[in-house]
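Read the structure below first, then the notes.
The values are calculated or read from the model by the stated rules, or taken from the named source; none is laboratory data. Since we're looking at a predicted model, the values are computed, not measured. Note that each Cβ is placed from the backbone with ideal geometry, even for glycine, and that neighbours are counted across all protein chains shown.
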Amino acid sequence: MLKGYEIVPPAIPSGGVYLFTTDSGVSYEVRFGRRQDNILQASIVFGVTNDEYSGEEYVETNRGEIYRVMQTIVKIVKMFMSEHPAIISYEFTGLARDKESKDKETTRIRLYTRYLPQMFDVSWKIEFSGDKITAVKKE
């Protein structure tokens, strides 16, 4: 298994923003947001924060680091889950690339799907809906 990058956790353990930087200097932010209608449901958003990418957080950097980036995100999700055991669902959105059909499973969804078993064990049910993946805690 690949080793992830060094993680900068939030200043307070219950915080929802984690940071890391790849060996090539690309900085990432992983944010956990709570839904207004149910604070026990969280969304996971991550992306590049470097100015050179013009604030486009879903940009493709093509630096050959995607597998270590994803391994780091897995570790961050597990860290957040251990700090927030009451959360009952997590949602990812895998936006389509410019040339991808929005009617088909996106490349990002396929990538995220590969890492779901590392994040969520059998006590979670995984649901797919368009460009969204939701992991729901089983009763």
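Of everything listed in (1) over 16 Å from the mean Cα position of the chain (by Cα); (2) modelled with pLDDT under 90, the single unmet condition for Ser24 is (2). Here Asp121 clears all of (1) part of a helix (DSSP H, G or I); (2) modelled with pLDDT of 95 or more except the condition numbered (1). Here the range 1-53 is the region considered, the condition is being assigned to a strand (DSSP E or B) and charged (D, E, K, R), and the residue that is surrounded by the most Cβ atoms within 10 Å (Cβ to Cβ) is Arg31.
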